[in-house]
Structures are given as C-alpha cells and as structure tokens.
Amino acid sequence: MIKVNAIRLGVLGLVGSIGLLFSLSVLANSASPNSANQAAVAMPDGYSAHVAKQVLLQGGNAVDAAVAAGFVLAVTYPEAGNLGGGGFMTLFTPTLSNAKNHTPQTSETLPVHFLDYREKAPKAAFRDLYLDQSKNVIPYRSLVGYQASGVPGTVMGLWQAHQRFGSLPWKQLLQPAIELAEQGFTVSKELEGTAQWYQNWIANKSSTPLNFSDYFGDLKTGETFKQPLLAKTLTRIANQGVDDFYQGTTAKQLVEHMQKHDGLITLADMHAYEAKWRVPVVGQWQNRTVVSAPPPSSGGVAIVQLLKMKQQLQSQFDQALIKAQKEGVPEQAMKAHFYAELEKRVYADRAHFLGDPDFVTVPVNELISDDYLTKRSQSVLMDEISDSETMRHGKIETPETTHFSIMDANGNAVSNTYTLNMPFGSGVVIPEAGFLMNNEMDDFSTKPGVANVFGVVGGKANEVAPEKRMLSSMSPTIVLKDNVVEMVVGTPGGSTIITSVFQTIVNVVDEGMSAQQAVDAPRVHHQLLPKDQIAYNPELPAETKTALELMGYNLKKNNYMGDVQLILNQAELSAASDVRGRGVSEVFSVP
Ligand code: DON
C-alpha cells in the first residue's frame, strides 16, 4: 500500500475560495508512479502542498505545480518564499515537450535541465563594496539594508520554466497566490517566531531606517494575515508577465525605493536581468545518476564529491568501525568523524574553485572525476582529525531559503530551492509592491578569508563584481536509477544544505531508511572552518558526543539544520517533509 504522509496536515486553514481542508486517504498499490498515475509533493508548508496538488489534479505537470507553489510561498512563507530573491530549479522531463524556439541545454541524452535564476550583483557593485577605507569589512552592510540585495531572479525563473515546459495558463497558476494574498492565510507559530527573532536581530544593524516591521512586525499565531499590496503586484505579474516585474510598474517601484535610500539597483539592472539554462552537474554513483546544481552553486559538485569519496573509502571505514567499536566508540561518532573528514576536503575545494561560471572557469568535470577524488580521499584519516590549517584545495592537473520537490504522474520531476538568503532577506520591503528584498550579496566573499553569515570563506573566484552571481550552496537534486526518478530532494540551510542533501541520499541508499526516517535522522555538519567543529541537530546521545570530544572535535548544537523535502520512488512512492519544519508531503492518484 502507498503510505500517505499526512504529517502536520493540521496546519491547513485556507480561507475563501481556496479554503478547503483536504482529507487524505490511503491510496492504491503501485510500484511505479506511472503505472497507477501517482504523483507526489513534498512542500515547506500546507498552503503550497495544497496548491501544488490541485494543479496536478487539474492536469498540470510538475513545472506548472512548481510555478503555482513558487508564487504561493512568496505569500505564505515570507521568510524565504519570494519575489525579491532568487534560486535554482533542477528538472527531469521525460514526457514534457520542449517549448517553442528553445535551444536545448540538456546533459547528453538525459532529459535533465537546470535553471539558474540566482540574483546578480548590480552593475554598480565592485570588489571592495563592503570594505571601509582601511579595507576592513563594514559589519552587516552585505546583510541588512539597501546595499545587501542582488537583482532578483525569481519572477524571471518561474516565467522561463513556464515558457519552456508549462502547460496550464500562467494567469491560472498565479491565481491561488493572489487569493491567499488578498484573503489572507493563517500565521503559523514558526512564522511568528522567526519574524520576532528577525525584528530583534536587524535592530540597529542598518545605517538607513528599515521598514520590515511596518509590514511583518505584527504577525500573530493563528491570526489571518492579508497582503493587499502584494496581491496587486501578483495580479500585475499575472496579467503582464515578466515585463511588469523587470520593466513595468513593479520595476519602477523597486528602483525608486532603492534609489531613495542608498541602494544600488537601477532600472538598467532590472532590464538586463536574465535567468540561464545551464547543464546540471551529473555524477554516476552506485548505479545511479545524481543530477544536481552546477555553478554558481557549489552544491552539485560538493554532493557528488562527498558521495563518491564515501563510496571509495567505505571498506576502509567499515574496518575502522569494527576496531573502534571494540574500543567502545559508538558508530554514530565514527560516522560523524568520517563525514567531517570528507567535508573538510570538499569545503576547501569550494572556497578555492567555485564561483560564477560566467566570470571564472570552474573545473566541474575534474572536481567530480573518480581520479581526482581517489587522490583527494587518500589523505582521509579514519582514526584522527586531519589538520584544518594545512588543508588545501586539491590540485587540478589541467587548468531562510526554502525547497520543494514535486513529481507528476508521468514521472516528470522538479526540485526547486529558492531564497532571500537569511529569513526575510535584507529587511527592506518595496513599499506599494509589498515584497521583501534579498540579502544575497553576503554570499559573495566580501574579503578573502573573511567568513560570511554561514561561516564559509572564499577568495578570488567569488569576489564581488558587477553583474556577477554570488556563490551558493543551494542544491536541488534529482537521483535517477535506470533513468527513472528515484529521489527528488533538497533543503534550505545555507552551507549545511550540501551536507544535509548528502546525508539524506546516503540515509536512503546506504542505510536503507524510509523517506521519513531519512529526512528526520540526526544530521552532522563540518565545513572546514571553524577548526574541527562538528555541528549537529537534533541532540546527539551523550556517548556519541563524548567519543567525538575525545577525538578532538568541538561540538555545536545548531538550532537550525535545514528542512529537507524528499520524494522517494522505490517499491512504493513515498514523500516526507522534515520534522524540523512546517512542511507537508503527500502521495496521491491523478485520475
Ligand atoms: O545560496 C545560498 O547558499 C544561501 N543564500 C542559502 C541561504 C539559506 O539556505 C538560508 N536558509 N535557511
């Protein structure tokens, strides 16, 4: 029997014409999503889950559902769902027709695609934008206020995905978001909590006054929150498409507000913005094809590196584990150490090689090649910690984010991660338009060796430059087995995205966990710096912690470690939303 994942469905409380609680039922048998017309959604909240499901039931495909959900989340998940941010979409489209006049950019023969709608630095940006005269980083300038925003890409991204693969009318797909903005939605306790925290966090961090609190300062759990200005903006986008956002009324509202303060974004920036179809990272691993995010994300490269190095070292690890267990070291501690060793090397490569491929040459194929990784994994130590200070990138011989996963009944899949960067972005709302701007400029390396808000460093490859895209960790991923979707997976979490996606895939394939077990399992994270620090969530058993501390690690409990949304197609189709978030997932039949 298909297991319906009905967790946290109680959060639904839609109003007006969208307002219906949907009941879930246990559905019919099937081994493949195609044979019983089954589809699945794994979404970060109940509103987006409901709307994505309705679009699929109305005959829309996975891309239609993604477009509708993308706009809904801009209303109901304002921490990360957005119009003023950007993101990435990984697609598998075995039955979708490629739209009109499109030059295909697929990876060899597989119908896999990647859409980069990441924000771009404004034309006025330059390398030392966030440094003072003494070349010191100006605190919070890249994070809070008007100069923290890149040129937003979300509206263009959803538009281009729809132009290429959509089947239902654009206007119809925006209608649920418009209604939720007009009629309101019920504020969750998570949303109220994050908004309160953010309001306190931004206080006194900007040299110019912020208007965040005017719009989001009074969110109360259980109350209906209406956004009439955002509804008008969405209506314009529904009627005029991207032209409104990048050239029309919304563009003018955005630029006027930016220019009134000390913002950088101009109309020329908005006109020039383009989303790009890129070739995804494709790695072969354990008889599977892992399809994930290429630069300007570091995610796909890093995840394939982690998976392959783990596989290369598995038997060595198994032997070390037997020995360690005889000495009383728990398996969980050994695994955390093993992953930390792999991650150290991967984050050193990230800091050196990764950046916007339109500006720097990123040796993607070399970095994920078996030969390179065999050399790289040779230095992994099973019984002690490799030195962080001397950890360098490898040698190449030649030269509050949110994620959703959708699979339609024809086996097409969308894995989408998009973001404002931190929850609620820069704290700037475009007045009249009613949406938040991102603080993605902080994902650039503002100064070589100086960590960003997620504690990761970078160098030349990721320095600020006009019209450049900042390096990302976002990793919307699709795993194929025998050219059929096995997993659609991704998560928010800044630099922990990479290790969360890695561990979720490994939990399924190597540990044999169910979808729900795989996303809920404790996760550990190491990113080279801070030195020998392993972050974890949720709490680890005392014996695991003691063993790791004896090895020499500093342990840090992260309050936040992602919100994985996973669809899994094994003997049965299943879907799971991370216990850490307010997500809702469901498997259902499309008549
Ligand atoms: O692109 C990145 O890697 C970050 N801007 C993502 C931010 C994020 O995941 C925040 N989520 N909690």
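If you go through segment 496-514 and keep only what is touching a helix residue (DSSP H, G or I) at 6+ places or on another chain (Cβ under 8 Å), closer than 30 Å to Arg141 by Cα and either open to solvent by 10 Å² or more (accessible area, probe 1.4 Å) or near the ligand (Cβ under 10 Å from one of its atoms) (or both), you end up with Ile497, Ile498.
Checking each residue in segment 203-258 for being acidic (Asp, Glu) and assigned to a helix (DSSP H, G or I) picks out Asp214, Asp243, Asp244, Glu256. Annotation: of all residues in segment 480-492 being open to solvent by less than 10 Å² (accessible area, probe 1.4 Å) and in a loop (DSSP other than H, G, I, E, B), the one that is nearest to the ligand (Cβ to nearest atom) is Pro492.
Among the residues of segment 350-363, are any in contact with a His (Cβ under 9 Å, 6 or more places away or on another chain), within 15 Å of the ligand (Cβ to nearest atom) and open to solvent by 10 Å² or more (accessible area, probe 1.4 Å)? Within segment 350-363, one or more residues are in contact with a His (Cβ under 9 Å, 6 or more places away or on another chain), within 15 Å of the ligand (Cβ to nearest atom) and open to solvent by 10 Å² or more (accessible area, probe 1.4 Å).
Would you point out the residue of segment 555-591, among those that are assigned to a strand (DSSP E or B), of a type in the set (Gly, Ala, Ser) and open to solvent by 10 Å² or more (accessible area, probe 1.4 Å), that is nearest to Glu539 (Cα to Cα)? If you could, list the steps in order and put the result at the bottom.
Taking segment 555-591 as the starting set, the residues that turn out to be assigned to a strand (DSSP E or B) are 555-557, 565-569, 573-577, 584-589.
Keeping just the survivors that are of a type in the set (Gly, Ala, Ser) gives 574-577, 585, 589.
Filter again for open to solvent by 10 Å² or more (accessible area, probe 1.4 Å), leaving 574, 589.
Values: Ser574: 27, Ser589: 37 Å.
Residue satisfying both the conditions and the ranking: Ser574.
When segment 465-479 is limited to residues that are among the charged types (D, E, K, R) and in a loop (DSSP other than H, G, I, E, B), the one that is nearest to the ligand (Cβ to nearest atom) turns out to be Lys468.
Closer than 22 Å to Val429 by Cα, among the basic types (Lys, Arg), modelled with pLDDT of 95 or more and touching a Lys or Arg at 6+ places or on another chain (Cβ under 6 Å): does that describe Arg141?
Values: closer than 22 Å to Val429 by Cα: yes; among the basic types (Lys, Arg): yes; modelled with pLDDT of 95 or more: yes; touching a Lys or Arg at 6+ places or on another chain (Cβ under 6 Å): no.
Criteria not met by Arg141.
Taking every residue in segment 551-563 that is of a type in the set (Phe, Trp, Tyr) and more than 16 Å from the ligand (Cβ to nearest atom) and pairing it with any residue that is open to solvent by less than 80 Å² (accessible area, probe 1.4 Å) and in a strand (DSSP E or B), at least 6 positions away or on another chain, the pairs with Cβ-Cβ distances below 6 Å are Tyr553/Ile534. Under the condition of being open to solvent by 10 Å² or more (accessible area, probe 1.4 Å) and part of a strand (DSSP E or B), the residues counted in segment 287-307 number 2.
Looking for whichever is touching a helix residue (DSSP H, G or I) at 6+ places or on another chain (Cβ under 6 Å) and farther than 21 Å from Ala52 by Cβ here; the options are Leu168, Leu115, Leu143. Which one fits?
On the way: Leu168 fails: farther than 21 Å from Ala52 by Cβ; Leu115 fails: farther than 21 Å from Ala52 by Cβ.
Going through Leu168, Leu115, Leu143 in turn, the sole match is Leu143.
Note on segment 197-220: residues that are open to solvent by less than 70 Å² (accessible area, probe 1.4 Å) and either in contact with a Leu (Cβ under 8 Å, 6 or more places away or on another chain) or not polar (S, T, N, Q) (or both) total 11. On inspection, Phe424 qualifies as in a loop (DSSP other than H, G, I, E, B) and either open to solvent by less than 10 Å² (accessible area, probe 1.4 Å) or more than 16 Å from the ligand (Cβ to nearest atom) (or both). Select from segment 260-286 the residues that are within 23 Å of Gln163 (Cα to Cα) and charged (D, E, K, R) and write down the one among them that is least open to solvent (accessible area, probe 1.4 Å). Among them, the one singled out is Asp269. The condition (being at pLDDT 95 or above, closer than 24 Å to Ala515 by Cα and buried (at least 17 other Cβ atoms within 10 Å of the Cβ)) is satisfied by just one residue among Val380, Val414: Val414. Mind listing whichever residues of segment 376-432 are at positive phi and hydrophobic (A, V, I, L, M, F, W, C)? Correct list: Phe424 only.
Inside segment 398-408, can you point out the residues that are of a type outside the set (D, E, K, R) and either modelled with pLDDT under 95 or within 14 Å of the ligand (Cβ to nearest atom) (or both)?
The answer is Thr398, Pro399, Thr401, Thr402, His403, Phe404.
Count of segment 318-347 residues, restricted to those that are surrounded by fewer than 18 Cβ atoms within 10 Å (Cβ to Cβ) and of a type in the set (A, V, I, L, M, F, W, C), is 2.
The values are calculated or read from the model by the stated rules, or taken from the named source; none is laboratory data. For clarity, every value in this text was computed on a predicted model and none was experimentally measured. In this analysis, Cβ positions are derived from the backbone assuming ideal geometry, glycine residues included, and neighbour counts consider all displayed protein chains. When the accessible area is computed, the model is the full protein with side chains, heavy atoms only, and any ligands, DNA or RNA have been set aside. Shrake-Rupley method; radii C 1.70, N 1.55, O 1.52, S 1.80 Å.
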